Amino acid sequence: MSAEQPKPNSQDRNSAPAASQMWGGRFARGPAAIMEKINASIGFDKRLADQDIAGSKAHAAMLARQGIITQADADAIRDGLDRVKEEIDSGAFTFKVELEDIHMNVEARLAELIGEPAKRLHTGRSRNDQVATDFKLWVRDALDRADQGLKALQAALIDLAEKHTDTVMPGFTHLQAAQPVSFGHHLLAYVEMFGRDRGRLRDARARLNECPLGSAALAGTPYPIDRFMTAEALGFDRPTANSLDAVSDRDFALEYLAAASICGMHLSRFAEEIVLWCSAQFRFIRLTDAFTTGSSIMPQKKNPDAAELVRAKAGRVIGSLNSLLVAMKGLPLAYSKDMQEDKEPVFEADDTLALCIAAMEGMVRDMQPNVPALREATDRGFLNATDLADWLVRELNIPFREAHHITGRAVKAAEDKRVGLTALTLEELQAIEPRITESVFPALSIEASLDSRRSFGGASPVRVREAVAAARERFL
């Protein structure tokens, strides 16, 4: 061989491996090493193994019933797929990067196990509808997992709220003490938030539950398949109505990420309150060593790190939503390889959300309200000021705006004396509004203030006890 024609070197960067069996006869050469690396998804989509095998078993059973393949081939495919699943579950399965994805890894191993029948499995489908089906099945499971996690978190909140229906604490606006509420009432606010999160998850699940299998690459298939059979076998409500949309759609993943992002935001808000409540300035709650850490230099510190991490991790979930929105926003119909980038954001969001929900449930179960500190905080900040205004309206028939002005003057007088409203004398109050009588004082107690909030959904312990019972009925 002349110098102009050097002997081929397998390490030469210009050389290429033989054509992949996956692509058949169209390609004479295999991909460059960097192409193989950027193209492969097996590193993450192996998480779809159970869903891929379930979809293939349903597809093979349908092909046999429709007479497209023999029953003997379908039986061999089913048994072979069961063996593949056993290998994957046991850790004995070898995932190969050169086979790109979970679909081809499973199919290649199936061919090694059963031979010729495995080659008939892909009749009437494409990897486009196959991956859409697998991914929908996986996201459907993720929606169910998140729903159950939130249910457990709600149960923890409801249990704690029931113990503290009468425990008073300041309610805040602008992070300023506003009016008395019960600790139980405050916790039930998060029960409602997480209830809406569960509703969004269920809504997303209902829209998701149409089966893409049988849409093939984009236009359907000439084989006499029964898409209703495979849809039913996989637990879908119906097959998708349009083959182009079926392989192009990732709305189900976006809806999951949107619901997860809102849930993450709710978890972060609660985490922020836990961080505040644990501080020396609030002292509203204590967390045990199970959910706190110390400082490497300050021995007195007990940091609410679990709550801080939940607060931070919400950003990762929100980032996953943004990542997939950006990936999808410019894609024409039908499938583009960009859509391979749909799975990692969803997988990461699912892992992060599950961890945050579990951590928050653990913190709620661990939480020890500091009842004296909560009560002490309600005695500061004139939390009964609105009650004075309401008394003026109710007892003296003074218009609320005028009553608001009178109350403001009373607060100013108390501030000047550095006392609470109830420490003002009747004479001092009458100097502001002569018609005020001694009957105003019982109405200004924290207990009376709290008990008076008896409107539906209000903070009165009577209403909170009813709300606890209702929440158990609605959510658990």
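The values are calculated or read from the model by the stated rules, or taken from the named source; none is laboratory data. Predicted model only: the values in this text are computed from it and were never measured. In this analysis, Cβ positions are derived from the backbone assuming ideal geometry, glycine residues included, and neighbour counts consider all displayed protein chains. Quick note on the areas: whole protein, heavy atoms, side chains included, nothing else; ligands and nucleic acids left out. Shrake-Rupley method; radii C 1.70, N 1.55, O 1.52, S 1.80 Å.
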Query raised in the report: Roughly speaking, what % of Cα-Cα pairs in segment 91-221 are separated by over 26 Å, rounded to a whole number?
Result: 53
Query raised in the report: How big is D for the chain, in µm² s⁻¹ as a whole number, if Stokes-Einstein is applied with the Kirkwood radius of its Cα pairs at 37 °C and 0.692 mPa s?
Result: 121
Report task. Distance between Cα centroids, segment 322-361 to segment 271-285: provide it in whole Å. Result -> 33
**Report entry** Lys, Arg +1 and Asp, Glu -1 on Cβ, resulting dipole of segment 253-301 about Cα centre, debye, nearest 20
**Finding:** 240
Query raised in the report: Can you pull out the chymotrypsin sites (Phe, Trp or Tyr not before Pro) in segment 155-246 that DSSP calls coil and that have at most 15 other Cβ atoms within 10 Å?
Result: none
Report summary line: Per residue, accessible area of segment 381-444 with a 1.4 Å probe, heavy atoms of protein chains only, in Å², comes to 56
Query - Whole-Å distance, taken between Cα centres, linking segment 144-159 and segment 101-138 - result: 36
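Considering only Cα-Cα distances, which of the following residue pairs are longer than 21 Å: Lys37/Lys85; Lys151/Lys343; Lys37/Lys96; Lys313/Lys343; Lys136/Lys343?
Lys37/Lys85; Lys151/Lys343
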Report summary line: Rg (one decimal) and Dmax (whole number) from the Cα set of segment 287-377, in Å, equal 19.8, 63
Query raised in the report: Tilt of helix 127-163 relative to the longest C-alpha principal axis of the chain, in degrees (0 to 90, nearest 10)?
Result: 20
Report summary line: Cα-based Rg/(2.2 N^0.38 Å) for segment 336-444, rounded to two decimals, is 1.96
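Could you compute the net charge surrounding Ala307? Neighbours are other residues with a C-beta less than 9 Å from the C-beta of Ala307; K and R count +1, D and E count -1. Mind dumping the intermediate values first?
Numbers: positive: Arg311; negative: Glu272, Glu273, Asp305, Glu308.
Here the count lands on -3.
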Query raised in the report: Okay, helix-only estimate at 222 nm for the chain: each DSSP H run of n ≥ 4 adds -39500 (n - 2.57), divide by all residues, round to 500 deg cm²/dmol; what do you get?
Result: -19500 deg cm²/dmol
Query raised in the report: Helix 102-114: angle to the longest alpha-carbon principal axis of the chain, degrees 0 to 90, nearest 10?
Result: 40
**Report entry** Apportionment of accessible area to carbon and sulfur, the chain, percent (1.4 Å)
**Finding:** 52
Query raised in the report: Considering only Trp391, Ala54, Gly149, whose Cα is most displaced toward the positive end of the charge dipole of the chain, charges sitting on Cβ of Lys, Arg (+1) and Asp, Glu (-1)?
Result: Trp391
Report task. Give me the orientation-averaged projected area of the Cα convex hull of segment 381-444, in nm², one decimal. Result -> 3.6
Query raised in the report: Charges only on Cβ, +1 for Lys and Arg, -1 for Asp and Glu: so what's the dipole of the chain about the Cα centre, in debye to the nearest 20?
Result: 360
Report task. Can you tell me the order of 414-420, 348-354, 365-371, 217-223 when each peptide is scored by its average per-residue count of other Cβ atoms within 10 angstrom, highest first? Result -> 348-354, 365-371, 217-223, 414-420
Requested in this report: Enter the accessible area per residue of segment 157-237 (Å², integer; probe 1.4 Å; all protein chains in place).
Outcome: 44
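Counting pairs of Cα atoms in segment 209-347, how many percent are more than 21 Å apart? Walk me through the intermediate numbers first.
Numbers: 5808 of 9591 pairs.
Counting pairs separated by more than 21 Å, the tail of P(r) holds 61 percent.
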Query raised in the report: At q = 0.13, 0.23, 0.26, 0.29 Å⁻¹, what log₁₀ I(q)/I(0) does a Debye calculation on the Cα points of segment 409-456 give, no solvent, two decimals?
Result: -0.34, -0.85, -0.98, -1.08
Query - Within segment 363-476: Cβ-based charge dipole about Cα centre, in debye rounded to nearest 20 (Lys, Arg +1; Asp, Glu -1) - result: 460
Query - Positive-end residue, the chain charge dipole about Cα centroid, Cβ charges, pick of Ser182, Thr165, Ile318 - result: Ile318
Query raised in the report: Hey, got the Cα dimensions of segment 305-351 along the principal axes, in Å, largest first?
Result: 45, 16, 9
Query raised in the report: Can you give the Rg to Rh ratio for segment 159-236, taking only C-alpha atoms and Rh from Kirkwood?
Result: 1.43
Report summary line: The convex hull of the Cα atoms of segment 33-120, divided by residue count, gives a volume in Å³ per residue of 90
